[in-house]
Amino acid sequence: MTTLTTIDLNWTGRPCSIAAVLIGSEGASVLIDPGPASTMETLRSGLRDRGQDFQTLDALLLTHVHLDHAGATGALVRENPNLKVYVHEFGLVHMIDPSRLLASAGRLYGGDLQMLYGECMPVPESNLKQLHGGERIRVGEAELDVFYTPGHASHHVTYWDRVSRTAFVGDTAGIRVQGDAFLLPATPPPDIDIETWNHSLDTIASWGPERLFLTHFGFTENPADHIRLYKERLAEWSALTRKLLASGMGGEGFCGRDCRGNQIHAANGRGRPLHFQWRVAALVAGIDALCAEKGSATQVKRTRTRGIRIRKRIRRWLIGLLQQLRNHANL
Ligand SMILES: [Zn+2]
């Protein structure tokens, strides 16, 4: 028998933020995405509650190497040197030497990095199993197919369990807490690629999955609807970002002095001075979507009116925020 168990890592004290998945079958156990180093102890007690510990795990299956998914990997391998770590070939180098990953994250999170994600340790090369997509990983009686699904990150993979028809999509299908109506794109720098992202979403949809498992957070039923909505949302956000850039809110100046000479832009060799704009666009579109969904989901006029009121208030607040950002850029 195969069991799939969600472990809520209760990141920064917030439930339903980051989930690890424990897969057990015939005495074998693996974790998909152990989460950040800052939630190691929560993971330890989550495993203990299920009669497991770090020593009983056989492998870690990483969807990608971002700190909220894979930051604890090095520390876990230190406690259990037999752990195999599966990671896409483009992410492997960052597991061996996380310095570039940490520098990149440090530019976003500054002094909060340690508090948010803990200490990210390197992983010995001998523990790492390189994935390209197309592999099949056996866990007891269960088998997980590996698919290369870039878009959110250039090294993102999805694990597909044909028997339960569950796709473990990491961040490829965005943020949606336990099937809630609100669906938020996950668009971090530096290597978002909308075109390949859409292609990855089409690939996942083509399997006809019955459930998706999102790291943020949990199972989502109706994958076909979820993926269609997510593609729409990504398109809206791209359009909004382009609009922001075209309106003069973008460009070098908008990034502000923190971003000048920032290696993050050149991290994938293509240069994407967009991360700051993406964050603003994400904020605008996310709030907008939240208001819209609250209105349409309930079909209650009163809620719509309230939604419009909230939206107006948020718009005023955003205008102030954008003005502040402009001032910051001009300093
Ligand atoms: Zn994530």
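Odds and ends about this structure:
- Computed label-point distance, nm, for sites Glu232 and Ile194 using a 7 Å Cα→Cβ extension: 1.6 nm
- Cβ-derived FRET efficiency at R0 35 Å, Arg14 paired with Ser99, nearest 0.05: 0.80
- Packing, taken as the mean count of other beta carbons within 10 Å per residue, orders the peptides 201-212, 58-69 from highest to lowest as 58-69, 201-212.
- Cα centroid separation, the range 22-48 to the range 108-157: 14 Å.
- Cβ-Cβ distance of Lys84 and Leu116, R₀ of 25 Å, FRET efficiency by 1/(1 + (r/R0)^6): the value works out to about 0.40.
- Sequence-separation-based contact order of the range 2-233, relative, with Cα cut under 8 Å and 6+ spacing, percent: 17 percent
- If the convex hull is drawn through the Cα atoms of the range 157-206, its volume per residue in Å³: 90 Å³
- For the range 26-89, the Kirkwood radius over C-alpha pairs fed into Stokes-Einstein at 37 °C and 0.692 mPa s yields D = 282 µm² per second.
- Mean separation of Cα contacts under 8 Å, 6 or more apart, over the residue count of the range 33-81: relative contact order %: 55 percent
- Each residue, Glu125 and Asp145, gets one label point 7 Å from its Cα in the Cβ direction; the gap between the two is 3.3 nm.
- Residues within the reach of a label modelled at Glu135 (point 7 angstrom out along Cα to beta-carbon, backbone nitrogen below 11 Å), restricted to the range 45-76, are 60-62.
- Ranked by how many other beta carbons lie within 10 Å on average, peptides 141-149, 27-35 from highest: 27-35, 141-149
- Relative to the 2.2 N^0.38 Å rule of thumb, the range 2-233 has a C-alpha radius of gyration ratio of 0.92.
- Order by protection proxy (mean Cβ within 10 Å, highest first), peptides 79-89, 16-26: 16-26, 79-89
- Mean separation of Cα contacts under 8 Å (6+ apart) over length of the range 9-111, as relative contact order %: 22 percent
- As a ratio to 2.2 N^0.38 Å, the alpha-carbon radius of gyration for the range 1-112 is 1.05.
All of the numbers you see were taken from the coordinates with simple rules; none came from a lab. All values derive from a computational prediction rather than experimental measurement. Positions of Cβ are backbone-derived with ideal geometry, glycine not excepted, and every protein chain shown enters the neighbour counts.
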